[in-house]
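Undergrad: Please read through the structure below; I'll follow up with questions.
The values are calculated or read from the model by the stated rules, or taken from the named source; none is laboratory data. A quick note: this is a predicted structure, and the numbers were derived from the prediction, not measured. A quick note on method: Cβ atoms are made from the backbone with ideal geometry, for glycine too, and the neighbour counts reach across all protein chains shown.
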Amino acid sequence: MPWRETSDPYCVWLSEIMLQQTRVAAVIERYHEFLRRFPTVEKLAAAREASVLAAWSGLGYYRRARMLHAAAKQVVREGNFPRTSVELRDLPGIGRYTAAAVASIAFDEPVAVVDGNVERVLQRLTGKRLAGEDCWTAATELLEAARPGDFNQAMMELGAMVCTPRTPGCLTCPVIERCATRGELRREGKTVPQKKKEIHFALYSRKRAVLLVQRARDVSLMPAMWELPEAEHSGVAIPVRDDMPLFTLRHAITVTDYTVKVWRGDASAHVSGKWIATDRLRDLALTGLARKILRKATIL
């Protein structure tokens, strides 16, 4: 993972924000592309929000990108990158975990981190259902203060690669002798079931252009992002050309699994939206689903 090869606070911070609620495999490509477009915190601060959102497209949870952009402006305005976990928490979008990760990896501050992976390791090591402040206390007691960044990254990697949620690799675990459970900690309560929903979109395309609509700026989910027009909006069907969808794909957002059907739009119908040149699509702030559809249609 490229962010493990640097102690640059900007790169460490960027990787930690990208990795929030996003798989490592999905982050690596976007991480390289983002740094190519915004190699320094100064470049990021000077960029337009639309450009930042376009570079973030595909990672989801776009509020992270907006907070990242706002924090970059604050760093540049104040003239230096905060060096402690306490100071880092004054930046927009940075909580306790991210502040501790950046401070320990970039500046060697002896402060522990607790994310989902670390929490699982701690629970199995102790054999206790730790939560909240108890997790932070346990992590702090284990911390190697002389190399806090390396220790924190090792704990995160242990949870991600060996001490996994299901079928942990106990036989290859370097701390198995200290582990109280040597396997999965018995779960309590019920898991939240995934919801299932079917949605329909219309794909209107013509020579080197595609019709898109922009989400309102005041909505809570993905404001101002661009997407395809829904094939049915507010109970009103949008004209489509064929009786069968062009294709169907799957898409998941938090606890909902979507079956997405994409229909070829009727070019003779009047549909509100904006025709966007296909050579502009890569720099447009598209929703992750819109990007997935356009790739499936070989437009993007």
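Undergrad: If you take the residues of segment 247-289 that are over 30 Å from PRO193 (Cβ atoms) and of a type in the set (Ser, Thr, Tyr), which of them is nearest to the chain's Cα centre (by Cα)? Walk me through it before giving the result.
TA: Residues of segment 247-289 over 30 Å from PRO193 (Cβ atoms): 264-285.
In the following step, the residues that additionally are of a type in the set (Ser, Thr, Tyr) were identified as 268, 272, 278.
On the way: SER268: 39, SER272: 31, THR278: 25 Å.
Checked segment 247-289; the qualifying residue nearest to the chain's Cα centre (by Cα) is THR278.
Undergrad: Give the residues of segment 257-276 that are within 28 Å of ARG63 (Cβ to Cβ) and surrounded by fewer than 12 Cβ atoms within 10 Å (Cβ to Cβ), sorted by residue number.
TA: Passing the criteria: SER272, LYS274.
Undergrad: Residue check: is GLY127 exposed (fewer than 14 other Cβ atoms within 10 Å of the Cβ), without any contact (Cβ under 8 Å) to a residue 60 or more places away in the chain and in contact with a helix residue (DSSP H, G or I) (Cβ under 9 Å, 6 or more places away or on another chain)? Steps first, answer last, please.
TA: Numbers: exposed (fewer than 14 other Cβ atoms within 10 Å of the Cβ): yes; without any contact (Cβ under 8 Å) to a residue 60 or more places away in the chain: yes; in contact with a helix residue (DSSP H, G or I) (Cβ under 9 Å, 6 or more places away or on another chain): no.
Considered against the rule, which asks whether it is exposed (fewer than 14 other Cβ atoms within 10 Å of the Cβ), without any contact (Cβ under 8 Å) to a residue 60 or more places away in the chain and in contact with a helix residue (DSSP H, G or I) (Cβ under 9 Å, 6 or more places away or on another chain), GLY127 comes out as no.
Undergrad: Taking segment 277-300 as the search range and keeping residues that are surrounded by fewer than 16 Cβ atoms within 10 Å (Cβ to Cβ) and in contact (Cβ under 8 Å) with a residue 60 or more places away in the chain, which one is farthest from ALA47 (Cα to Cα)? Don't jump to the end; show me each part of the working.
TA: Going through segment 277-300, the residues surrounded by fewer than 16 Cβ atoms within 10 Å (Cβ to Cβ) turn out to be 277-280, 282-283, 295, 298-299.
Of the ones still in play, those that are also in contact (Cβ under 8 Å) with a residue 60 or more places away in the chain are 277-279, 282-283, 299.
Working: ALA277: 22, THR278: 22, ASP279: 20, ARG282: 16, ASP283: 13, ILE299: 26 Å.
Applying the filter and picking the extreme gives ILE299.
Undergrad: Do we find that GLN194 is surrounded by 13 or more Cβ atoms within 10 Å (Cβ to Cβ) and touching a residue at least 60 places away in the same chain (Cβ under 8 Å) in this structure? Show your work before the answer.
TA: Numbers: surrounded by 13 or more Cβ atoms within 10 Å (Cβ to Cβ): no; touching a residue at least 60 places away in the same chain (Cβ under 8 Å): yes.
No; evaluated as a whole, the condition is false for this residue.
Undergrad: While we're looking at this one, here's another question. When you scan segment 249-291, how many residues do you find that are in a helix (DSSP H, G or I) and more than 12 Å from PHE201 (Cα to Cα)? Give the steps one after another, and end with the answer.
TA: Going through segment 249-291, the residues in a helix (DSSP H, G or I) turn out to be 278-283, 288-291.
Still in the running and more than 12 Å from PHE201 (Cα to Cα): 278-283, 288, 291.
Residues that pass the stated criteria total 8.
Undergrad: Among what's in segment 202-227 and is at positive phi and buried (at least 16 other Cβ atoms within 10 Å of the Cβ), pick the residue that is modelled with the highest pLDDT.
TA: Per the stated criteria, the residue is ALA224.
Undergrad: Now for a separate question. Name the residues in segment 78-106 that are in a loop (DSSP other than H, G, I, E, B) and surrounded by fewer than 17 Cβ atoms within 10 Å (Cβ to Cβ), would you? Lay out the reasoning, then the answer.
TA: Of the residues in segment 78-106, the ones in a loop (DSSP other than H, G, I, E, B) are 79-84, 89-95.
Within segment 78-106, GLY79, ASN80, ARG83, THR84, ARG89, ASP90, PRO92, GLY95 meet the criteria.
Undergrad: Output the residues belonging to segment 62-77 that are within 16 Å of the chain's Cα centre (by Cα) and either surrounded by 15 or more Cβ atoms within 10 Å (Cβ to Cβ) or among the small types (Gly, Ala, Ser) (or both).
TA: Taking segment 62-77 and keeping what is within 16 Å of the chain's Cα centre (by Cα), we get 62-69.
Within segment 62-77, TYR62, ARG64, ALA65, ARG66, MET67, LEU68, HIS69 meet the criteria.
Undergrad: Here's a follow-up. Kindly indicate which of GLY116, GLY93, GLY169, GLY132 is in contact (Cβ under 8 Å) with a residue 40 or more places away in the chain and not assigned by TED's automatic domain parsing to the domain that holds MET1. First the steps, then the outcome.
TA: Details: GLY93 fails: not assigned by TED's automatic domain parsing to the domain that holds MET1; GLY169 fails: in contact (Cβ under 8 Å) with a residue 40 or more places away in the chain; GLY132 fails: in contact (Cβ under 8 Å) with a residue 40 or more places away in the chain.
From the options GLY116, GLY93, GLY169, GLY132, the qualifying one is GLY116.
Undergrad: Okay, next question. Consider GLU157 against the criteria (1) part of a loop (DSSP other than H, G, I, E, B); (2) within 25 Å of GLU5 (Cβ to Cβ); (3) not assigned by TED's automatic domain parsing to the domain that holds TRP3: it satisfies all of them except one. Which criterion is unmet?
TA: Of everything listed in (1) part of a loop (DSSP other than H, G, I, E, B); (2) within 25 Å of GLU5 (Cβ to Cβ); (3) not assigned by TED's automatic domain parsing to the domain that holds TRP3, GLU157 misses just condition (1).
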